[in-house]
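J.: Can you read through this structure? Questions will come right after.
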Amino acid sequence: MTHADWLWIPVTVWAAFAQTLRNVAQKQLTAQLGTLGATLVRFLYGLPFALAWLALVMAYTGEPLPAPNPGFAAWLTLGALGQIVATALLLAAMAERNFTLGVAYSKTEIIQVALFGFVFLGDALTAAGGFAVACGTLGVLLMSPADRERPIRTLLAGWTARPALLGLASGAGFALSAVGFRGAALALDGASFMIAAAFTLVCAQTLQTAVLGGWLLARAPQTVARVLRAWRASLLAGFMGAAASAGWFTAMAIEPVAHVRTLGLVELLFSSAISRRLFKERLTGTEITGLALLVLGVALVALVR
């Protein structure tokens, strides 16, 4: 067993932890900059840190920059644009009256990741891996139910509603994004997983900054101006976003995305711990069941796969 066979586990846990901190920092910016402005912060202010990470990886490995190819460009575009579209769809779902249903359905991303990873990349799942994905997904749904009284019945009865369809489409976008980023890293023939992940991250954040920044400049230039003025407060969110993305990209360059995204659900454990610590929130019976299923799924994918 090489170090890469297990390295993805601590890297994924780090990515989930960094993403939790990024979400906290980004949430504070949302009220000031709006959701899309705060999203731009993640890409724009994360890019310098992504470039610094690429330079460190090149110095450590002694490898040159990989040579992009058409396959890399196609996968990268799918990943970068898929993430932006998925975010927009999630915002649309949250704007609906029954937005909790849409948010719940967006969390089917893990199952969709497993499906798309198999179809597009040939990433097969073992029976244990499939069970872990199912446990993790059900655990997430129960930890943040659309209906606290009848969580499963509400999900099954409302899947054709507009918020649910928007949530499903958002989950599909995030799933395709993860598959696209793994595909891009794998398309860089001859590059180690570290340099492939770092280079893919820089290219993705550059494209996302250009696309989302350009769209906001055309449609809401005042938002871009506010983002630029808030550079001091945005640096932490940018740094933690780049740190999280570096972890995700590195893990996905090593391991199938379904395993990475399932283990990445430990982010919810971190978020739950922070909420209970800061806001003294108490878990319901349904949420405790969801937490137990989540822990089981995370343990299975890390230990058995």
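J.: Please go through (1) crowded, with 18+ Cβ neighbours inside 10 Å; (2) at pLDDT 95 or above; (3) under 21 Å from the mean Cα position of the chain (by Cα); (4) more than 20 Å from ALA175 (Cβ to Cβ) for TRP14 and return the number of the only condition it doesn't satisfy.
T.: Condition (1) is where TRP14 drops out.
J.: I'd like the residue in segment 99-154 that is of a type in the set (Gly, Ala, Ser) and at pLDDT below 85 and, out of all such residues, is farthest from ALA253 (Cα to Cα).
T.: ALA146
J.: Same structure again: Starting from residues that are more than 15 Å from the chain's Cα centre (by Cα) and hydroxyl-bearing (Ser, Thr, Tyr), keep the ones in segment 74-108 and report whichever is nearest to PHE43 (Cα to Cα).
T.: THR77
J.: Does segment 73-130 hold any residues that are polar (S, T, N, Q) and out of contact with any Pro (no Cβ under 7 Å at 6 or more places or on another chain), and which are they?
T.: THR77, GLN83, THR87, THR100, SER106, THR108, GLN112, THR126
J.: Out of all the residues in segment 84-133, which are more than 17 Å from LEU168 (Cβ to Cβ) and in a helix (DSSP H, G or I)?
T.: Within segment 84-133, ILE84, GLY117, PHE118, PHE120, LEU121, ALA127, ALA128, GLY129, GLY130, PHE131, ALA132 qualify.
J.: Quick one: count up the residues across segment 43-55 that are part of a helix (DSSP H, G or I) and over 21 Å from ALA185 (Cα atoms). Lay out the reasoning, then the answer.
T.: Kept after step one, since they are part of a helix (DSSP H, G or I), are these residues of segment 43-55: 43-44, 47-55.
With the extra rule that they be over 21 Å from ALA185 (Cα atoms), the set shrinks to 44.
Number satisfying all stated conditions: 1.
J.: Looking at segment 217-274 only, could you name the residues that are more than 30 Å from PHE72 (Cα to Cα), β-branched (Val, Ile, Thr) and out of contact with any Gly (no Cβ under 6 Å at 6 or more places or on another chain)?
T.: ILE274, the sole residue that qualifies.
J.: From the residues in segment 17-59 that are modelled with pLDDT under 95 and among the hydroxyl-bearing types (Ser, Thr, Tyr), which one is farthest from VAL257 (Cα to Cα)?
T.: Step by step, filter segment 17-59, then rank; the result is THR30.
J.: Please enumerate the residues belonging to segment 245-272 that are of a type in the set (S, T, N, Q) and either surrounded by 23 or more Cβ atoms within 10 Å (Cβ to Cβ) or within 10 Å of the chain's Cα centre (by Cα) (or both).
T.: Once the filter is applied, which keeps residues that are of a type in the set (S, T, N, Q) and either surrounded by 23 or more Cβ atoms within 10 Å (Cβ to Cβ) or within 10 Å of the chain's Cα centre (by Cα) (or both), segment 245-272 yields SER245, THR250, THR262.
J.: Taking the stated definitions as given, is ALA242 of a type outside the set (Val, Ile, Thr), closer than 22 Å to LEU40 by Cβ, modelled with pLDDT of 95 or more and crowded, with 24+ Cβ neighbours inside 10 Å? Before you say what the answer is, go through the steps one by one.
T.: Working: of a type outside the set (Val, Ile, Thr): yes; closer than 22 Å to LEU40 by Cβ: yes; modelled with pLDDT of 95 or more: yes; crowded, with 24+ Cβ neighbours inside 10 Å: yes.
Answer is yes for this residue.
J.: Within segment 36-45, is there a residue that is crowded, with 16+ Cβ neighbours inside 10 Å, among the aliphatic types (A, V, I, L, M) and under 30 Å from ALA302 (Cβ atoms)?
T.: No: segment 36-45 contains no residue that is crowded, with 16+ Cβ neighbours inside 10 Å, among the aliphatic types (A, V, I, L, M) and under 30 Å from ALA302 (Cβ atoms).
J.: Restricting to segment 163-184, what's the tally of residues that are of a type in the set (A, V, I, L, M) and closer than 18 Å to THR200 by Cβ? Working first, answer last.
T.: Filtering segment 163-184 down to residues of a type in the set (A, V, I, L, M) leaves 164-166, 168-169, 172, 175-176, 178-179, 184.
Narrowing further to those that are closer than 18 Å to THR200 by Cβ: 175-176, 178-179, 184.
Count: 5.
The values are calculated or read from the model by the stated rules, or taken from the named source; none is laboratory data. Since the structure is predicted, the reported quantities are computational estimates derived from the model, not experimental observations. A quick note on method: Cβ atoms are made from the backbone with ideal geometry, for glycine too, and the neighbour counts reach across all protein chains shown.
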